[in-house]
Amino acid sequence: MKFLADMGVSMTTVIALRQLGHDVTHLREQGLICMEDRDIVAKASAEGRIVLTFDLDFGEIMALSKTANPSVILFRMRNQTPKAVTPRLGQVLQECQAHLDQGAFITVEDSGYRLRRLPIR
């Protein structure tokens, strides 16, 4: 799978995904630390990547866009360390790959996750 990691996502999580064979790029690595959220969505869509983020604005952006891509995984966890985030992300990827391939917005929480198919209506 291909991912675009937003600024709040740890490089530790990025490295863990790469070790699993995923194609992951981080905005920091590309010198895009000030990129606007709408531009992140456009970049991810153009590159066929899934957005990884802690930024709540992506829910509104995807709802207003009325598009089926890119898929977004939004983390809303109390513990935002890679030690907590990375295994939860692994679970979501195992259980939701088909949905992510077709367009989904997944909110990952401490006790589980919520999946919405895109476009959000």
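Looking at region 46-60, which of its residues are more than 19 Å from Lys2 (Cβ to Cβ), in a helix (DSSP H, G or I) and open to solvent by 30 Å² or more (accessible area, probe 1.4 Å)? Those that are more than 19 Å from Lys2 (Cβ to Cβ), in a helix (DSSP H, G or I) and open to solvent by 30 Å² or more (accessible area, probe 1.4 Å): Asp57, Glu60. Of everything in region 71-95 that's farther than 21 Å from Glu47 by Cα and assigned to a loop (DSSP other than H, G, I, E, B), which residue is least open to solvent (accessible area, probe 1.4 Å)? If we take residues in region 71-95 being farther than 21 Å from Glu47 by Cα and assigned to a loop (DSSP other than H, G, I, E, B), then Met77 is least open to solvent (accessible area, probe 1.4 Å). Within region 12-27, restricting attention to residues that are open to solvent by 50 Å² or more (accessible area, probe 1.4 Å) and in a helix (DSSP H, G or I), the residue that is farthest from Leu74 (Cα to Cα) is Gln19. For region 96-116, a residue qualifies if it is hydrophobic (A, V, I, L, M, F, W, C) and open to solvent by 50 Å² or more (accessible area, probe 1.4 Å), and the qualifying residues are Ala98, Leu115. With the structure loaded, tell me whether Thr53 is within 12 Å of the chain's Cα centre (by Cα), at pLDDT 95 or above, more than 22 Å from Tyr113 (Cβ to Cβ) and not hydrophobic (A, V, I, L, M, F, W, C) or whether it fails that test. Criteria not met by Thr53.
Listed by first and then second residue, the pairs linking a residue in region 36-52 that is hydroxyl-bearing (Ser, Thr, Tyr) to a residue that is open to solvent by less than 50 Å² (accessible area, probe 1.4 Å) and assigned to a loop (DSSP other than H, G, I, E, B), with Cβ atoms under 8 Å apart and 6 or more places separating them unless they lie on different chains, are Ser45/Pro70. Regarding Leu32, is this residue without any contact (Cβ under 8 Å) to a residue 40 or more places away in the chain, in contact with a Gly (Cβ under 9 Å, 6 or more places away or on another chain), outside any helix (DSSP H, G or I) and of a type in the set (A, V, I, L, M, F, W, C)? No, not satisfied.
Of the residues Ala63, Ala68, which is out of contact with any strand residue (DSSP E or B) (no Cβ under 7 Å at 6 or more places or on another chain), more than 15 Å from Lys2 (Cβ to Cβ), part of a loop (DSSP other than H, G, I, E, B) and open to solvent by 30 Å² or more (accessible area, probe 1.4 Å)? Explain how you work it out, then say what you get.
Working: Ala63 fails: part of a loop (DSSP other than H, G, I, E, B).
Going through Ala63, Ala68 in turn, the sole match is Ala68.
Look at (1) loosely packed, with under 13 Cβ neighbours inside 10 Å; (2) in contact with a His (Cβ under 9 Å, 6 or more places away or on another chain) and you find that Glu36 fails only one, number (2).
The values are calculated or read from the model by the stated rules, or taken from the named source; none is laboratory data. What you see is a predicted model; the values in this text were computed from it and never measured. Virtual Cβ from ideal backbone geometry, glycine too; neighbours counted across all protein chains shown. Only protein heavy atoms, including side chains, enter the accessible area calculation; ligands, DNA and RNA are left aside. Shrake-Rupley method; radii C 1.70, N 1.55, O 1.52, S 1.80 Å.
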